[in-house]
Amino acid sequence: MTTKRITICTCNTRHLIDTKKVDEWVKKANDEGLELVLVDDLCALFEDGDPSIASIAEGTIVACHERAIKSLLEWHGYDAAKIINIRVPKPFKVDGLLSDAWFPVIDKHRCTECGKCFDFCPFGVYDMVDDRVRVVHPHRCKNNCPACARNCPSEAIIFPKYDYSPINGGIEQEEQAIRVDHSTLYADAFRSRLMNRRLTGTPLFRLNDNEEKRKE
């Protein structure tokens, strides 16, 4: 049952959300006396397993593509009460490399448990849990890399912040999935990242706060 709570993701990191529609929903919530929660980056809450997810799931979520939000919720064991998509039709161009929450989420309704994502990912994002593939280490994902989604034969892997569907969870087939060459895809990237790691001490993947503290 939907509670009188509306959670709106403003996606301040990538500007994928229609700001005019955000304003409309804020006004609607205020006019109807609803509990309103504005979130800068909804994906970051899921990446960290924030306890507020439980209450968010009980109300209306105004954010991104429905399939992406449903899969995010199901990842943490929740069902969506109501989801409203206010994502902009086309993405804005964002300059520079971002370091915000970026990770895959599995659409369990499409996943066939073939394990190709687990075998393919060189960063250890996926792991086997009860003989099923799960996103266990989202912080390890290489920012802006959707290669495992392109390699998925069932199009079951979603990157909510990716520019185009179906990888971002949208139903429009905007991008033809490019099948990757396993032997060459990461060769150059690994060489440059390993060199950068030797020179600067930069990790191969992003660390969360707890991992950073343990490293220190």
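Quick rundown of the values:
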quantity: Residues located in region 56-79, provided they are free of Cβ contacts under 8 Å to residues at least 60 places away in the same chain and either of a type in the set (Asp, Glu) or open to solvent by 40 Å² or more (accessible area, probe 1.4 Å) (or both); calculated: Glu58, Lys70, Glu74, His76, Gly77, Tyr78, Asp79
quantity: Residue that is least open to solvent (accessible area, probe 1.4 Å) [pool: residues in region 1-36 that are touching a residue at least 60 places away in the same chain (Cβ under 8 Å) and among the charged types (D, E, K, R)]; calculated: Arg14
quantity: Helices (runs of 4 or more DSSP H) within region 17-73 that include 3 or more residues at pLDDT 95 or above and within 19 Å of Ser165 (Cβ to Cβ); calculated: none
quantity: Inter-residue pairs, beta-carbon under 7 Å, first under 10 Å from Ile106 (Cβ atoms) and in region 144-158, second among the acidic types (Asp, Glu) and in a loop (DSSP other than H, G, I, E, B), 6+ apart; calculated: Ala156/Asp107; Ile158/Asp107
quantity: Subset of region 81-105 that is modelled with pLDDT under 85 and surrounded by 13 or more Cβ atoms within 10 Å (Cβ to Cβ) - its residue that is farthest from Ser165 (Cα to Cα); calculated: Leu98
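The values are calculated or read from the model by the stated rules, or taken from the named source; none is laboratory data. All values reported here derive from a predicted model rather than from experimental measurement. Here Cβ is always computed from backbone atoms with ideal geometry, including for glycine, and neighbour counts include all displayed protein chains. The accessibility values were calculated without ligands, DNA or RNA, using every heavy atom of the protein model including side chains. Shrake-Rupley method; radii C 1.70, N 1.55, O 1.52, S 1.80 Å.
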